[in-house]
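Single-structure report; data block below.
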Amino acid sequence: MKMKKMMTIAVVAATLVSCGGGGGRPQFGDNEYPVVTAGTSNADMQSTYPATIKGVQDVEIRPKAAGFIMQINVKEGQTVGAGQVLFVIDNETAQQQVRQSQAAVNTAQQQANTAKLTYENSQKLHENRVIGDYELQTAQNAYEVAQAQLAQAQAGLASAREQLSYCYVKSPASGVVGTLPFKKGALVSNANVLTTVSNNSSMEVYFSITEKAAMQLQAAGLQSLPSVKLQLADGSIYNMDGTVTKMSGVIDQATGSVQLIATFQNPQKLLKSGGTGTIIIPRQENNAIIIPQSCVSEVQNKKFVYLVDKDNKVKYTEIKVDPQNDGQNYIVTEGLKAGDKFVSNGITKLTDGMEIVPITPERYQQKIAEQAKAMSAGDIVGAMKK
C-alpha cells in the first residue's frame, strides 16, 4: 500500500511537470497564456558539419615486382621512416639476373680493354707507316664497338639491379603503417595494396558546405573563418583547434556542395586516418532574434509560432530559422521581428484567431507552483488515502 501511494505521488508530479512544458499547460482558466516580446541580442552560435579525417599524405604501398611475400618487416600501427624496407618479395630470380648481368659486364670490360690495346698499338704502327689507314680504322671501329657493348652490358646490369630493388618494398614517406591484408607467403602483384602509410604528424579533415555558403566564403576569403574545432566519434572535443586551409574549386553535382579542408596538428597521434567526426565552426550573430524551441510547433518541416496582436488574439504564423541551433533555442531569420509578441508556452491548446489573456512568463510559472501546491494539499492527499 505504501509503495502504491508513492507511485501515485510520482505520477501526479510528473503530470504537473509535463503540463508546464512547451506541449501543454496547466488548467488556469480565463485563457491565460505567457506572452513574450521579441527582442534582439548577440548570440554565440556554431555551425556543425560531418567530416572525414585523413593523413596529410596517405600513400598506398604496392609492389612493382610480382611474387611471393618472403618477409613482412613491420606491424600495423608502427611508425616508419622514408626508405625503410616494409616487405621483401621473392627475389631469387632477380638475384640470378644480376649475377648474369655482372658477368656480362666483366666480359665486355675485358673485350673493351683488349680492343683498346689493339687500337693504341695500331696507332703506333700507323705512325711508323707499318700499317695503312684501313688497318687503323678497323682497330678503331673494333674498340668503339667494344665500348658500346660494355655500355650495353652496364645498362643491363643497372636494369637487373633495379628489378632486384623492386623486391624490397620501401616506404616512400614517413608515417604510420595501416592494415596488413596479406600474410607471409601470399602471391602479390602491382594490383595489390600491401598497406597504407599515413603521415599523421598533422591531419586534414574534409567537410562540405552549401554552394551559397561557399560563394560567400570565397568573397570573404578563407582567412575570414575563425579557428575550428573537431568533435570526435565518441563525442569528445579534440584538444587542438584547426585552420581551414583549402577549398575545392569543383561543386559536387550530386549534392550541390563544396568541399573544405581543415588542418589539425596531431603531435599525440590521437587522430587516425580514415576516422570520422564533426567540424564545429563558431560564429557570432549580432542583433539576432532568439526564441526558445518550446514555443515553436513544426508541421511538415515548417515552423510556426503564435503571434499576439493588439486585440490579444493569436495568429498562427510561419517563421524561418537558422538551420544551426544549440538544441534549446532558434535564431529567427524571417517571420518575426523585434517588438512582436508571441506565446511562449502552452501552444498546443491554442487555435488560430483565439483570444487569450496575456500574462508574464514569471506569473505563468507562479501559477504552476500555486496549482502544484493546491494539488499537494488536496488531490494528492486524497490519492494517498485510496
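The values are calculated or read from the model by the stated rules, or taken from the named source; none is laboratory data. Just so we're clear, the structure is a prediction, and the values are computed from it rather than from any experiment. Counting neighbours? That spans all protein chains shown, and the Cβs are built from the backbone with ideal geometry, glycine included. Protein only, heavy atoms only, side chains kept; ligands, DNA and RNA dropped before computing areas. Shrake-Rupley method; radii C 1.70, N 1.55, O 1.52, S 1.80 Å.
Here is how the numbers come out for the structure above:
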item	result
Distance in nm between pseudo-label sites at ILE251 and GLU162 (7 Å out along the Cβ direction from Cα)	4.6
Cut-off under 5 Å, modelled amide H: who pairs with GLU32 long-range	VAL357
Cα-derived Rg over Rh, computed across the chain with Rh taken as Kirkwood radius	1.37
Difference of contour (0.36 nm per residue) and Cα-Cα distance, LYS184 to ALA155	7.2 nm
Accessible surface ranking that places the most exposed of GLU162, GLU76 first, with a 1.4 angstrom probe	GLU76, GLU162
Formal net charge of residues neighbouring ILE72 (Cβ-Cβ distance under 9 Å; K, R +1; D, E -1)	+3
Angle in degrees between helix 361-377 and the longest Cα principal axis of the chain, rounded to the nearest 10	70
Derived scalar couplings ³J(HN,Hα) [the range 302-318; Karplus, 6.51 cos²θ - 1.76 cosθ + 1.60; whole Hz; x for Gly, Pro]	10, 10, 9, 10, 9, 7, 10, 8, 5, 9, 6, 9, 8, 10, 6, 10, 6
Compactness of the range 74-127 - radius of gyration and Dmax, Cα, Å	23.0, 73
For ASN266, residues with placed amide H under 5 Å, excluding near neighbours	SER202, MET203
Cut-off under 5 Å, modelled amide H: who pairs with GLN57 long-range	ASN199
Two-site FRET efficiency, THR107 against LEU136, from Cβ-Cβ distance with R₀ of 25 Å, rounded to 0.05	0.45
Long-range Cα-Cα pairs in the range 74-188 (distance over 24 Å), rounded percent	54
Karplus-derived HN-Hα couplings along the range 82-88 (A = 6.51, B = -1.76, C = 1.60, θ = phi - 60°), whole Hz, x at Gly and Pro	4, x, 6, 6, 9, 9, 10
Probe 1.4 Å, protein heavy atoms only - accessible area per residue of the range 119-196 in square angstrom	62
The range 200-267, Rg to Rh (Cα coordinates; Rh as Kirkwood inverse mean 1/r)	1.00
GLN328-GLU355 pseudo-label distance in nm [points 7 Å out on the Cα-to-Cβ vector]	3.7
Cα gyration tensor shape of the range 196-324, rounded if a/c is under 1.5, else prolate or oblate by comparing a/b with b/c	prolate
Per-residue HN-Hα couplings for the range 263-272 [Karplus 6.51, -1.76, 1.60; θ = phi - 60°; Hz; x = Gly/Pro]	9, 10, 5, 9, x, 8, 6, 6, 8, 10
Distance between the range 48-70 and the range 210-281 - C-alpha centres, whole angstrom	22
Surface share of carbon and sulfur [accessible, 1.4 angstrom probe, percent] for the chain	51
Radius, Kirkwood style, for the range 111-267 when every pair of distinct Cα atoms is counted (Å)	23.0
Solvent-accessible area per residue, Å², over the range 310-380 with all protein chains present [probe radius 1.4 Å]	60
Global form of the range 113-180, assessed from the alpha-carbon gyration tensor, a/c cut-off 1.5	prolate
Radius 15 Å from Cβ of LYS184, net charge of other residues (Lys, Arg +1; Asp, Glu -1)	0
